[in-house]
1. If I build a Gaussian network model for the chain, linking alpha-carbon pairs within less than 10 angstrom, which residue out of Asp47, Asp20, Asp30 has the largest mean-square fluctuation?
2. Please identify the longest segment of the chain free of exposed GluC sites (Glu not before Pro), where exposed means a DSSP state other than H, G, I, E or B and no more than 15 other Cβ atoms within 10 Å.
3. Given all pairs of different Cα atoms, what value in angstroms does the Kirkwood hydrodynamic radius of the chain take?
4. Quick check for you: with a 1.4 Å probe and neighbouring chains kept, what is the accessible area per residue of region 10-81, in Å²?
5. Using the Karplus equation 6.51 cos²θ - 1.76 cosθ + 1.60 (θ = phi - 60°), what ³J(HN,Hα) coupling, rounded to whole Hz, does each residue of region 59-65 give in order, writing x for Gly and Pro?
Amino acid sequence: MLQPRLTGVEPVEGLKLRLDYETGETKLFDVAPYVSGPWFGELKEEDYFRTVHLLPGGIGIEWSNGQDIAPHELYEYSKPM
């Protein structure tokens with residue numbers, strides 16, 4: 001299944017992301033379950049977590065050192081706001 005494209009991403013307190021989609025949906029995604037090990041563990045640092053940004057064309061998100069979460073996971077496992 002293709003997910004709608006993202007139009008915005010905003011870090012929220014508690015290792016969560018507010019995700020805005022082209023459909024007008026706004027969803028909340030909890031990153032906490034992903035934050036372990038040396039690669040994703042870096043996301044525990046608040047200043048670093050806030051570096052999240054959209055990939056070109058709204059196809060996903062990424063942090064400044066390359067960590068990302070699959071777009072289908074973002075859409076399927078987030079909760080409507």
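The values are calculated or read from the model by the stated rules, or taken from the named source; none is laboratory data. Only a predicted model underlies this, so the values are computations on that prediction, with no experimental measurement involved. Quick reminder, even Gly has a Cβ in these numbers, built from the backbone with ideal geometry, and neighbours come from all protein chains shown. Ligands, DNA and RNA are excluded from the accessible area calculation, which covers all protein heavy atoms including side chains. Shrake-Rupley method; radii C 1.70, N 1.55, O 1.52, S 1.80 Å.
1. Checking each option, the largest mean-square fluctuation is seen for Asp47.
2. 46-81
3. Values: mean 1/r = 0.0794 Å⁻¹.
Every distinct Cα pair counted, the radius reaches 12.6 Å.
4. Working: 4230 Å² over 72 residues.
Result: 59 Å² of accessible area for each residue.
5. With coefficients 6.51, -1.76 and 1.60, one gets 7, x, 10, 7, 9, 4, 9 Hz.
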